[in-house]
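The values are calculated or read from the model by the stated rules, or taken from the named source; none is laboratory data. Computed from a predicted model, the values in this text were never measured in an experiment. Note: ideal-geometry Cβ built from the backbone for every residue, glycine included; neighbour counts use all protein chains shown.
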Amino acid sequence: MRARRGKPGQRAIHEALPLFCEREIARRGQRRIDIAFGLARFPFVRDLIGFDFGAQPSLDKAQIREIATGRFIANGEAVLLLGPPGVGKTHLAAVIGCEAIAAGYGVLFTPATTLVAQLAKAHAQGRLEERLTHYAKPKLLIIDELGYLP
């Protein structure tokens with residue numbers, strides 16, 4: 001058995017320091033996620049557990065789970081969710097975005113009508129490049145409701 005040197009208070013601080021560091025890292029990680037969720041502008045936060053695959057039997061559950069891993073982002077690929085209204089495209093898009101944030105990616109969710117309106121306004125103001133940079137900045141840009149554009 002080896003005796004520890006130092007005052008009792010110093011030992012307690014020395015032993016508690018790793019715990020404090022661990023908590024601070026966790027706090028900063030949660031803060032990053034909270035900020036990223038605010039910046040993403042999701043209409044709602046969803047998870048894959050809440051998706052009713054039984055109502056959409058034509059969906060390949062394994063494929064959706066693979067997409068939700070976010071590997072397509074790292075590979076620079078695009079994902080297009082197609083289907084009639086009410087089948088869960090927005091829900092799945094939000095799930096994919098939430099998972100991407102958890103994996104450390106920047107995400108922005110926008111309806112197509114908002115995207116077009118903002119780009120048109122920026123163009124009229126001579127600030128199109130700035131607005132395009134805004135939309136190009138996140139690693140994942142989710143454009144919802146493409147079919148609603150005239």
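Of all the criteria given as (1) crowded, with 18+ Cβ neighbours inside 10 Å; (2) of a type in the set (Ser, Thr, Tyr); (3) within 18 Å of Lys139 (Cα to Cα), the one not satisfied by Thr69 is (1).
If Ala62 satisfies every condition in (1) small (Gly, Ala, Ser); (2) surrounded by fewer than 12 Cβ atoms within 10 Å (Cβ to Cβ); (3) outside any helix (DSSP H, G or I) but one, which is the exception? It fails just one condition, (3). Put simply, of Arg46, Arg23 the only residue that is closer than 17 Å to Glu145 by Cβ, of a type in the set (Lys, Arg) and either at pLDDT below 95 or in contact with a Phe, Trp or Tyr (Cβ under 9 Å, 6 or more places away or on another chain) (or both) is Arg46.
Of all residues in region 107-126, those being out of contact with any Phe, Trp or Tyr (no Cβ under 6 Å at 6 or more places or on another chain), surrounded by 15 or more Cβ atoms within 10 Å (Cβ to Cβ) and outside any helix (DSSP H, G or I) number 4.
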